[in-house]
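First up is the structure itself, then whatever we jot down about it.
The values are calculated or read from the model by the stated rules, or taken from the named source; none is laboratory data. In this text the structure is predicted, and so the values were computed from the model without any measurement. With ideal geometry, Cβ positions are generated from the backbone for all residues, glycine too; neighbour counts draw on all protein chains shown.
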Amino acid sequence: MAGYAWLGTHSGAAKRVEMGEAMRALRQGFLLIGLTMLTGSSLLGLSPLVANAAPSVTTRVAAFSAAPAKVYAGNSITLQAQVQRLAGKSWVKTGALNIGIWFDPDGAKPNALVRTVKTNASGYLKASQLPAVSGRWSLRLPATSSYKASISSQLYVQVLAAVAKPISKNSCPSWAPIKGNKQSHIYHLPGQRFYKATNPELCFATEAAAVKAGYRKAKV
């Protein structure tokens, strides 16, 4: 009986030891999970639960231009700029970045994203746009993991009508001097033989506008 009692006592002690080890392992597990949540590390192969650090590098959209400032409908404008980052007290070039082209049309919807383009390796951007109406153009660099967001100034581009009515029986406005004969669908440029004799039904600012309207150039 003594033997059996000793065995029972030994067995109970072993169980207590095993339970103690299990509790220590459990506490260590909770500790690791806590460290993972606080540091964002992957000690247990878990995804970090803490958000990444905010971007810290200041940027700017420099030397932004939108030209020409006045354009006839159907013609393109060119947008140019360079994205730069602040290094100490100097502005230096960035690598290639995605930047948004934004447009605010006159009396229409608020400023809206038109499209996203990519700068070259030095942060330079040169893009062509075909404006349909007058309005303000700008560029926006969205924030990245390291770069802060930045916005250019807004530049106004006026889109002019390319077609006009005659100001008199024989004259076109100075900004649309090309005379269009509606019956023959021929247009006459200043200096051509029959320009002065032609009574226009329509006047055009550009030859492209005349061709788009279905007219062809006079041969002489």
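Observations, loosely collected:
- In region 171-180, residue surrounded by the fewest Cβ atoms within 10 Å (Cβ to Cβ) [restricted to those that are assigned to a strand (DSSP E or B) and touching a Pro at 6+ places or on another chain (Cβ under 7 Å)]: Gly180
- Candidates Ala73, Ala69 - the one that is surrounded by 16 or more Cβ atoms within 10 Å (Cβ to Cβ) and of a type in the set (Gly, Ala, Ser): Ala73
- Checklist (1) in the same structural domain as Ala149 (by TED's automatic domain parsing); (2) at pLDDT below 95; (3) assigned to a loop (DSSP other than H, G, I, E, B) applied to Val71, failing item: (3)
- Of everything in region 148-170 that is assigned to a loop (DSSP other than H, G, I, E, B) and surrounded by 14 or more Cβ atoms within 10 Å (Cβ to Cβ), the residue that is modelled with the lowest pLDDT is Ala162.
- For the condition touching a strand residue (DSSP E or B) at 6+ places or on another chain (Cβ under 6 Å), assigned by TED's automatic domain parsing to the domain that holds Arg140, more than 27 Å from Lys212 (Cβ to Cβ) and surrounded by 11 or more Cβ atoms within 10 Å (Cβ to Cβ), Gly95 does not qualify.
- Going through (1) within 16 Å of the chain's Cα centre (by Cα); (2) among the polar types (S, T, N, Q); (3) at pLDDT below 95 one by one, Ser134 falls short only on (1).
- Qualifying residue in region 109-124 (condition: at positive phi and modelled with pLDDT under 95): no
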